[in-house]
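Peer 1: Here it is, the structure, as structure tokens.
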Amino acid sequence: MSTQGESTVFKVNPDGAVSSYDTSGQAIIAQHELERMRHAPGVPADTTGLADPTRIPASELGPLLKNQIDAIGSYDDAKSVAKAFDRVQYIAARTGRPMANSVLVDAAAAIRANPRSTVEVLARLKMTEPKFVAASKAMVLGYGTTI
């Protein structure tokens with residue numbers, strides 16, 4: 001189970017009033033682990049078989065790959081393509097076959113980490129947005145069938 005997303009947590013205060021706050025999927029997983037350790041100290045904290053609860057299970061990699069291949073084919077902007085490309089790179093690395101073009105891998109990671117730097121990242125690589133989009137799509141669509 002992935003830990004992406006956001007939620008609102010509602011709590012009843014000692015005075016009976018209800019309060020709420022926004023949280024992330026990761027925070028919910030972390031709180032669950034803390035509560036389990038507090039109430040069952042003899043139970044190992046990780047009973048899911050995952051050393052890292054934020055890591056996507058291998059069983060979800062295939063569907064995620066298909067989703068990202070579909071997504072990258074439907075976008076024509078560098079930011080969206082970089083996001084899908086970076087996710088496919090994650091899947092490829094998890095399967096032991098990372099993508100070979102380190103320039104595209106690094107560019108996609110930089111754009112995904114800071115989408116406002118897209119123009120600067122591409123300029124540094126002497127690459128236009130259409131060229132980056134086309135090269136990224138070609139690599140993902142060609143590589144996606146081999147994972």
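The values are calculated or read from the model by the stated rules, or taken from the named source; none is laboratory data. Values in this document were obtained by computation on a predicted structure and should not be read as measured data. A quick note on method: Cβ atoms are made from the backbone with ideal geometry, for glycine too, and the neighbour counts reach across all protein chains shown.
Peer 1: Please enumerate the residues belonging to the stretch 76-102 that are exposed (fewer than 12 other Cβ atoms within 10 Å of the Cβ) and aliphatic (A, V, I, L, M).
Peer 2: The one that is exposed (fewer than 12 other Cβ atoms within 10 Å of the Cβ) and aliphatic (A, V, I, L, M): A100.
Peer 1: Counting only residues that are exposed (fewer than 15 other Cβ atoms within 10 Å of the Cβ), assigned to a helix (DSSP H, G or I) and not basic (K, R), how many does the stretch 116-138 have?
Peer 2: 7
Peer 1: A follow-up question, please. Only residues that are over 30 Å from R87 (Cα atoms), hydrophobic (A, V, I, L, M, F, W, C) and either loosely packed, with under 10 Cβ neighbours inside 10 Å or modelled with pLDDT of 75 or more (or both): list them for the stretch 1-42, please.
Peer 2: If the condition is that a residue be over 30 Å from R87 (Cα atoms), hydrophobic (A, V, I, L, M, F, W, C) and either loosely packed, with under 10 Cβ neighbours inside 10 Å or modelled with pLDDT of 75 or more (or both), then F10, V12, A17, V18 are the ones that fit.
Peer 1: Of the conditions (1) crowded, with 17+ Cβ neighbours inside 10 Å; (2) within 26 Å of S59 (Cβ to Cβ), L141 satisfies every one except a single condition; which number is it?
Peer 2: All conditions are met except number (1).
Peer 1: Looking only at the stretch 89-105, how many residues end up being in contact (Cβ under 8 Å) with a residue 12 or more places away in the chain, under 17 Å from the mean Cα position of the chain (by Cα) and part of a loop (DSSP other than H, G, I, E, B)?
Peer 2: Number satisfying all stated conditions: 2.
Peer 1: Of everything in the stretch 43-64 that's part of a loop (DSSP other than H, G, I, E, B) and acidic (D, E), which residue is modelled with the lowest pLDDT?
Peer 2: D46
Peer 1: Here's something else I'd like to know. I'm trying to understand the selection: among the residues of the stretch 76-92, which are of a type in the set (S, T, N, Q) and either at pLDDT 90 or above or within 11 Å of K137 (Cβ to Cβ) (or both)?
Peer 2: Selection gives S80 alone.
Peer 1: Residues in the stretch 69-88 that are among the charged types (D, E, K, R), under 21 Å from N114 (Cα atoms) and over 13 Å from the mean Cα position of the chain (by Cα): how many?
Peer 2: Going through the stretch 69-88 one residue at a time, the tally reaches 3.
Peer 1: Go through (1) buried (at least 17 other Cβ atoms within 10 Å of the Cβ); (2) touching a residue at least 40 places away in the same chain (Cβ under 8 Å); (3) of a type outside the set (S, T, Y); (4) part of a helix (DSSP H, G or I) one by one and return the number of the condition G73 breaks.
Peer 2: Every condition holds for G73 apart from (1).
Peer 1: Listed residues A107, A100; which is small (G, A, S) and under 11 Å from A78 (Cα atoms)?
Peer 2: After ruling out the rest, the residue left standing is A107.
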